[in-house]
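Worksheet for the structure shown next.
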Amino acid sequence: MRFCRALLVSGLCVPLLGLGGCLQVYRPFAHNPGNQAQHLVRDNIPPVRLAVPVPVPAKAPWRAATAMWARDVVIALVGQSIPAVAKVPEPGDWWVRLGAVRAENGGIRPRYAIVGPDGRVRARGFGAVIDEEGWRSADPEALNTVALQMAPEIARELTEIQTRMMMDDPKSLMHRSARICFDGVTGAPGDGNKSLAEAFYMMLPDGHNSVQTTHDGADYIVKTEVSIRPSPDAPGPDEGPKQQVTIIWRVLTPQGVEAGAATQVHDVPAHSLDGPWADVAGAAAQEAAEAVRTIITNYSGRSRKASLAQPDVGGEASREKDGMKKFVSAPDQAVPGSSK
């Protein structure tokens, strides 16, 4: 029995030997420079959330408008696959400080600073200049446009920060093999659980990945589930009954966050897998091993390179004059991101 399948990664279909059909790799936090943002990875960008606080005190006159802008930024960041939350940062959180300055040629220029858990600014950036009247009136469309424009830049900066931290950390996956705990296979008929597990265990290790059977010290955990049901497709005139076999290889962090999943689906003659899986196990495991390595590489960002850090970044957010108190001031009226 021979299956043919393809690996779908970042929109590219790369033919592989193995199970037939199309292998789907679900990577919700994959990074494509200039498009999506890399998920904040354990041990590099620590939190599972990025706090976006409202940058003015609770009683500030522009609190409601600024809160609306912060909410728009959160929504836009989530659209970039960044786990942003509208909240005051807690100890251990990374967060985004929002603000604005007057543009040289008029108008208002929104800005942001990415702050680490230690309170130090790690990156700064600006949004496009917008009309001052729209800013002062807290026009919802204008604020949303600013948020949508800034979110990809914030996501890109987070990826750069993470990459530089990994490059500087001798214990990161840029400098050592990923330790992958394989939890085995469940749900397969016949000898599928044993055959698939043995084949995958043999095929997964390479120069960038090692395999183990304990969770201790593991960077990722692979859990595999097999299910079989009657095929939804009617058999051909010269074919007997068929079953649909589905194999899902889930890649998890030690905290249980799904880094990705490779799904193999194929129709087989009914009950043909009730006994030995033979070559089917090897074909499925070969394909799955390559998919798991791809998921870990994309999720961890271990193959990325970073540019040099911004030369003007530094200082503690709490000590900066424009900190959380005042971004733009006017003698007659406050603006979003400011307080009197």
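The values are calculated or read from the model by the stated rules, or taken from the named source; none is laboratory data. None of the values given here were measured: they were computed from a predicted structure. Cβ atoms come from the backbone with ideal geometry, glycine included; neighbour counts cover every protein chain shown. All accessible areas refer to the heavy atoms of the entire protein, side chains included, with ligands and DNA or RNA removed. Shrake-Rupley method; radii C 1.70, N 1.55, O 1.52, S 1.80 Å.
Modelled spin-label separation between Asp183 and Ser272, with each label point placed 7 Å from Cα along the Cα-to-Cβ direction: 3.1 nm.
Measuring between their Cα centroids, region 120-157 and region 87-103 lie 13 Å from each other. Here's how it looks for Ala218: its modeled amide H is under 5 Å from none belonging to a residue 5 or more places away or on a different chain. Could you compute the FRET efficiency for Val101 and Arg176, with r as their C-beta to C-beta distance and R0 at 35 Å, rounded to 0.05? E(calc), rounded to 0.05, equals 0.20. The H on the amide N of Asp274, modeled in the peptide plane, is under 5 Å from the matching H of no residue at least 5 residues off or on a different chain.
Computed extension length for Lys59-Glu198: 43.7 nm, one decimal, from 0.36 nm per residue of separation with the Cα-Cα distance subtracted.
Rolling a 1.4 Å probe over the protein chains gives Lys171 an accessible area of about 150 Å².
If R0 is taken as 30 Å, the Cβ-Cβ distance between Ala128 and Lys305 corresponds to a FRET efficiency of 0.60.
For Gly125, the residues whose modelled amide H falls within less than 5 Å of its own, excluding neighbours fewer than 5 places apart on the same chain, are Tyr112. 3J(HN,Hα) couplings calculated from phi for region 285-301 with the Karplus curve 6.51 cos²θ - 1.76 cosθ + 1.60 (θ = phi - 60°) are, in sequence order, 5, 4, 5, 5, 4, 5, 5, 5, 4, 5, 4, 5, 5, 5, 5, 7, x Hz; Gly and Pro show x. Residues in region 206-217 carry Karplus couplings, in order, of 8, x, 10, 9, 10, 10, 8, 10, 10, 7, 4, x Hz; the curve used is 6.51 cos²θ - 1.76 cosθ + 1.60 with θ = phi - 60°, and Gly or Pro positions show x. Summary of packing: across the peptides 214-224, 295-305, the per-residue average of other C-beta atoms within 10 Å ranks them, highest first, as 295-305, 214-224. Across the accessible surface of region 112-214, with the other protein chains kept in place and a 1.4 Å probe, carbon and sulfur atoms take up 54 percent. Sequentially through region 154-164, phi angles give Karplus couplings (6.51, -1.76, 1.60; θ = phi - 60°) of 4, 4, 5, 5, 4, 5, 4, 4, 4, 5, 5 Hz, Gly and Pro residues having no value and appearing as x. Taking 7 Å steps out from each Cα toward its Cβ at Asp233 and Thr213 produces label points 3.7 nm apart.
Computed over neighbours whose Cβ is under 12 Å from that of Lys223, the net charge equals -2, Lys and Arg +1, Asp and Glu -1.
How much length, in nm to one decimal, is gained on full extension between Asp206 and Leu148, taken as 0.36 nm per residue of separation minus their Cα-Cα distance?
Details: separation 58, 0.36 × 58 = 20.88 nm, distance 4.07 nm.
So the extension gain works out to 16.8 nm.
Pairwise alpha-carbon distances in region 215-308 exceed 23 Å for 41% of all pairs.
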